[in-house]
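Since the structure comes first, as C-alpha cells, the remarks are kept for the end.
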Amino acid sequence: MTSVTPKLELRELGNTGLKLSCVGFGASPLGNVFGAVTDDEANAAVREAFRRGINFFDTSPYYGGTLSEKILGKALKALGVPRNEYVVATKCGRYTEGFDFSADRVTRSIEESLERLQLDYVDILYCHDIEFGSLDQIVKETIPALQKIKESGKTRFIGITGLPLHIYTYVLDRVPPGSVDVILSYCHYCINDSTLEDIIPYLKSKGVGIVNASPLAMGLLTESGPPEWHPASPELKSACQAAATYCKEKRKSIAKLAMQYSLLNKEITSVLVGMKSVKQVEENVAAATDLAASGIDEAALAEVEAIIKPVKNQSWPSGIQQS
C-alpha cells in the first residue's frame, strides 16, 4: 500500500472566493536573503510544497532585489500544473532602492513582476509596508491605481501589508467598501504577540481576508534565536530565548509550537512562513498535520506563555511618523 500524504486544510479568504492552504509558502528566502539557494533547491522546495497541499505562494520585488520573484516564477512554471491550481501574491511600493507608492510606479511594478513571475496575472497584489509611505497617498492614489490594475485583469484582488495594526483601520475607514480584499499582518499573531486578534472582528466586518506572516516572530521563537538586526527589545529577546531553552530541555521544538499556535485561529486564513528547502517544507506541513491529528501540546504552550508573559504583546516601531 502506498502511503497517502495528508492534505493541508484549505480556508476561505474573506470575500474573495479563494481557498488558501492554512500554511503559505513565503518565498523571500528564495531571494537569497538568508543564504544562497540554488535553482534546484528552490524548484524542489516549491514542488514538495505543492505536492503536500500548499497552494499559496507569496513574494515581492523587494525580496532579494527581484530575485525571489524570478526564482519563484521559474519553480512554479516547472510544476507544469494548470494556473488555477495555485495562488500567487506579490507586492508593490517597496523596492531595494526605496519606497514609491505613486500610481505610475505601482502600475509599472505589476508589469515588471508579471514578467519575472512568467504569469499573466497574480491573485493578490499588495501595497508593501505602507507605514513607510503617506497613508493618505495610499488611500487617494495607490488604491485607486490598484483598482485599475484589477480591472485590467493583472491582479484578481488587492491587499495592504505592514507592521503597525492601526494602518489597517486608517486605510479601510477611508476607502470605498470592497476596495481592499485582504491584509497581510506579520509578527502580531504569534505566542509572544497576539494583538492581531483585537482587530479581527473589525476586518471581518469589512469583508477583508486575513493572512498572518512570521509565526516565529522573525526568529525570536526559534532555537537559534533572532538575527542580529532584529528590532525587539533586549527583554523580549531574552524572554523568547528562555522559552526556547525550556522547549529544548523538554525535547520539544519551540518553532513547531509557535507555528501551531498561529494555525489554531481559524479566522486567519493562512500562516505564511519563509521556506527555501524540502526539509523546511516538511517541518511546516508536519506542524499543521500533527495539529489537525492530535492538537497542540497544551502543557508546553502554557509553560512558554508563562515565561513570555512579562513581555507579551510588546512590539517595536516601524515606519515614519504619520502627521
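No lab work stands behind these numbers, since they all come straight from the coordinates. It should be emphasised that the depicted structure is a prediction, and the values quoted were computed from it without experimental measurement. No Cβ is skipped: glycine too gets one built from the backbone with ideal geometry, and neighbour counts run over all protein chains shown.
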Subject >> Over 29 Å between alpha carbons, listed pairs K154/K206; K91/K279; K150/K204; K77/K266; K150/K256 >> reply: K77/K266; K150/K256
**OP:** Take the alpha carbon atoms of the range 194-323, find their radius of gyration, then divide it by 2.2 N^0.38 Å using N residues; give the quotient.
**Re:** 1.10
**OP:** Calculate the translational D of the chain in whole µm² s⁻¹ from Stokes-Einstein, where the hydrodynamic radius comes from the Kirkwood formula applied to all Cα pairs, the temperature is 10 °C and the viscosity 1.306 mPa s.
**Re:** 80
Subject >> Exposure proxy order (Cβ contacts within 10 Å, fewest to most) of T169, T59 >> reply: T169, T59
Subject >> Highest-first arrangement of 218-229, 175-186, where packing means the average Cβ count within 10 Å >> reply: 175-186, 218-229
Subject >> Virtual paramagnetic centre 7 Å along Cα→Cβ of W316, amide N under 17 Å, in the range 194-210 >> reply: 194
Original post:
Efficiency by 1/(1 + (r/R0)^6): what FRET value for S134 and S233, r their Cβ-Cβ distance, R0 = 22 Å, to the nearest 0.05?
Top reply: 0.20
Original post:
Arranged from highest to lowest average of other beta-carbon atoms within 10 Å per residue, in what order do the peptides 83-94, 281-292 appear?
Top reply: 83-94, 281-292
Original post:
In percent, what relative contact order does the chain have, based on Cα pairs under 8 Å that are 6 or more apart in sequence?
Top reply: 20
Original post:
Looking only at H128, H188, H230, which one moves most when the chain is put into a Gaussian network model with springs between Cα atoms under 10 Å?
Top reply: H230
Subject >> Formal net charge of residues neighbouring L163 (Cβ-Cβ distance under 11 Å; K, R +1; D, E -1) >> reply: -3
Original post:
How many nm separate the modelled label positions at I200 and S224, each set 7 Å beyond the Cα in the direction of the Cβ?
Top reply: 3.1
Subject >> Likely footprinting exposure, L163, L264, fewest C-beta neighbours within 10 Å first >> reply: L264, L163
**OP:** Jot down the radius of gyration and Dmax of the range 40-150, Cα atoms only, both in angstrom.
**Re:** 14.5, 43
Original post:
Add -39500 (n - 2.57) for each DSSP H run of 4 or more in the chain, then divide by its residues: what number comes out at 222 nm, to the nearest 500 deg cm²/dmol?
Top reply: -11500 deg cm²/dmol
Original post:
Within a Cβ distance under 9 Å of A243, other residues only, what is the Lys/Arg minus Asp/Glu net charge?
Top reply: -2
